[in-house]
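Novice: My questions will all concern the structure given below.
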Amino acid sequence: MDRTARIWDASTGTLIRTLTGHTSRVRGVAFSPDGSKIATASDDKTAKYGTQIPGLLIRTLTGHTTNLAGVAFSPDGSRIATAS
């Protein structure tokens, strides 16, 4: 609901990075198969794609006319699928 996605260290519970940029709630998140990229899906009708560390935005994906419900990478990491 706060329009962010957060990356945490699973073993310590330490916050590693807060990903910002969406203008509405984030509903989905996915890591690329190699773990270097992350994609988010939002109620703002966009998906965002970027590097996990240091959290740099590569691209905003647009085209849906309603809220996004999910996002996923292809097994080889070359494509991103979004669901609305």
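Novice: Identify, please: which residue in segment 12-28 is assigned to a loop (DSSP other than H, G, I, E, B) and open to solvent by less than 100 Å² (accessible area, probe 1.4 Å) and is, among those, modelled with the lowest pLDDT? Walk me through how you get there before you give the answer.
Specialist: Step one: filter segment 12-28 for residues assigned to a loop (DSSP other than H, G, I, E, B), giving 12-14, 20-25.
Adding the requirement that they be open to solvent by less than 100 Å² (accessible area, probe 1.4 Å) leaves 12-14, 21-22, 24-25.
On the way: THR12: 98, GLY13: 97, THR14: 97, GLY21: 93, HIS22: 96, SER24: 97, ARG25: 97.
Ranking the qualifying residues of segment 12-28, first place goes to GLY21.
Novice: If I filter segment 45-54 down to residues being part of a loop (DSSP other than H, G, I, E, B) and under 15 Å from ARG3 (Cα atoms), which single residue comes out as least open to solvent (accessible area, probe 1.4 Å)? Before you say what the answer is, go through the steps one by one.
Specialist: In the first step, residues of segment 45-54 are kept if they are part of a loop (DSSP other than H, G, I, E, B); the result is 45-46, 52-54.
Next, only the ones that are under 15 Å from ARG3 (Cα atoms) stay: 45-46.
Working: LYS45: 86, THR46: 20 Å².
The qualifying residue least open to solvent (accessible area, probe 1.4 Å) is THR46.
Novice: Inspect all residues belonging to segment 37-49 and state whether any of them is hydrophobic (A, V, I, L, M, F, W, C) and closer than 12 Å to SER24 by Cα. Steps first, answer last, please.
Specialist: The initial filter retains those residues of segment 37-49 that are hydrophobic (A, V, I, L, M, F, W, C), namely 38-39, 41, 47.
Then keep just the ones that are closer than 12 Å to SER24 by Cα; that gives 41, 47.
Checking segment 37-49: at least one residue is hydrophobic (A, V, I, L, M, F, W, C) and closer than 12 Å to SER24 by Cα.
Novice: A further question follows. Give segment 55-83 a look and list any residue that's hydroxyl-bearing (Ser, Thr, Tyr) and open to solvent by less than 40 Å² (accessible area, probe 1.4 Å), or say none.
Specialist: The first filter runs over segment 55-83 and keeps only residues hydroxyl-bearing (Ser, Thr, Tyr), leaving 60, 62, 65-66, 74, 78, 82.
Selection gives SER74 alone.
Novice: Restricting to segment 29-42, what's the tally of residues that are open to solvent by 20 Å² or more (accessible area, probe 1.4 Å) and either small (Gly, Ala, Ser) or outside any strand (DSSP E or B) (or both)?
Specialist: 4
Novice: So, one more: If you go through segment 55-75, how many residues are assigned to a strand (DSSP E or B), in contact (Cβ under 8 Å) with a residue 24 or more places away in the chain and over 21 Å from ASP2 (Cβ atoms)?
Specialist: Residues in segment 55-75 being assigned to a strand (DSSP E or B), in contact (Cβ under 8 Å) with a residue 24 or more places away in the chain and over 21 Å from ASP2 (Cβ atoms): 2 in total.
The values are calculated or read from the model by the stated rules, or taken from the named source; none is laboratory data. Not measured: the values here are computed from a predicted model. Ideal geometry is used to build each Cβ from the backbone, glycine not excepted, and the neighbour counts take in all protein chains shown. With ligands, DNA and RNA removed, areas are computed over all heavy atoms of the protein, side chains included. Shrake-Rupley method; radii C 1.70, N 1.55, O 1.52, S 1.80 Å.
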